[in-house]
Amino acid sequence: MSLIQFLGAIEIGLVFGLVGLGVFLSFRVLNFPDLTVDGSFPLGAAVCATLIVGGVNPWLATLAAMVAGAVAGSITALLNLRFNILHLLASILTMIALYSINLRIMGKPNVAVIGEITIIKQLAFIGLPNPQLKPLIAAVIVGIVLFLVIRFLASDYGLAMRATGANPRMARAMGVDTRQATYVGMSLSNSLVALAGALFAQMNGYADVTMGTGVIVVGLAAVILGEAICGTRSIVVWAIGCIIGSVIYRLAVAFALNAQFLGLTSSDLNLVTAVLVAVALILPGARNPLRAMLSRGAAP
């Protein structure tokens, strides 16, 4: 793997770390299986790319993409809470609807922003070449978002949201508005995913209506790998693990596809993803028996 390929994997891993954080908020914090991310990722890219092509400042376009993602997440929560549609089915309905909405926003299957003013071009004054500049920008943005998410989850409202996912009945008994917490959590989750889509579009120069396919699997892989590597002993470690898991996942994919002795090509990406997710799922179960054996061996 060349240096450019390595930096490219770091860049994409950091961007998808935002997806991992979004999936972490819905799946782990709220205990809400959410497939909306497969639609909110291209939604963020579509809104951002369309606004940039229309002459809007890229920072405002990125913010608008986050708002659009938050609306998508709140619609999923609305279908579940107001109309009592199963959360998984509610998210699938929103995801399917977003495919047509994204086409409406862009007016065509894809929009190019290569020749437009993006966040990357605005920060080009730093003087670094693109292969180094883009990972740096992604790292700064992800670091800021990670800090804000951790601070939010450690706040009183964040604790109420965590209680909603852990035990909604007990949370309601303690005076927590679990419906509001679910709306806020789902909106925040999908706004982070839409932010990832907006950054991805600007860093790769295009937005495509099909770019959300399989995003939920990548997000789950980041969360599961992070849990297997970093553990879940605190919310800080858990959240940081999502970013680390995403980066490791992209590095593993890049290594597998570029290792000549494996003979893999880009068409084998889904196979590599399935194997990595399976390994991540097996790792925690493999560590526990080993730890138990060592504990028994150390016991008098």
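Taken together, the values in this text are just the output of simple stated rules run on the coordinates, not laboratory data. What you see is a predicted model; the values in this text were computed from it and never measured. Neighbour counts are summed over all protein chains in view; Cβ atoms, including those assigned to glycine, are modelled from backbone coordinates with ideal geometry.
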Cα pair count fraction exceeding 33 Å, expressed as % - the chain:
24 percent
What number results when the radius of gyration of region 1-44, computed over Cα atoms, is divided by 2.2 N^0.38 Å?
1.45
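Please give the charge dipole size of the chain, origin at the Cα centre, charges +1 on K and R Cβ atoms and -1 on D and E Cβ atoms. Round to the nearest 20 debye. Numbers along the way, then the final one.
Details: 16 positive and 9 negative charges, 134 e Å.
For this selection, approximately 640 debye.
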Return the FRET efficiency for the residue pair GLN132, TYR99: r is the Cβ-Cβ distance, R0 is 41 Å, and the value is rounded to the nearest 0.05.
0.70
The simple spin-label model distance between PHE147 and ILE4, using points 7 Å out along Cα→Cβ, in nm, is 3.3 nm
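For a footprinting-style exposure proxy, rank TRP238, TRP59 by other Cβ within 10 Å, fewest first. Please report the intermediate quantities before stating the final value.
Numbers: TRP238 20, TRP59 11.
With the fewest neighbours first, TRP238, TRP59 line up as TRP59, TRP238.
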Roughly speaking, what is the centre-to-centre gap between region 56-85 and region 91-107 when only Cα atoms are used, to the nearest Å?
12 Å
Axial C-alpha extent at least 20 Å, average Kyte-Doolittle at least 1.0 - helices from the chain (DSSP):
3-23, 37-53, 58-81, 87-106, 130-154, 215-230, 235-258, 269-298
Difference of contour (0.36 nm per residue) and Cα-Cα distance, ASN84 to SER266:
61.4 nm
If you stretched the chain out fully between VAL236 and ARG179, how much longer would it get, using 0.36 nm times the residue separation minus the C-alpha to C-alpha distance?
18.0 nm
Equivalent ellipsoid, region 131-277 (semi-axes from 5 times Cα gyration tensor eigenvalues, Å):
32, 18, 15
With Cβ to Cβ distances under 14 Å as the rule, what net charge do the other residues near GLY13 carry (K, R +1; D, E -1)?
+1
For region 212-234 and region 1-37, compute the distance between their C-alpha centroids and round to whole Å.
7 Å
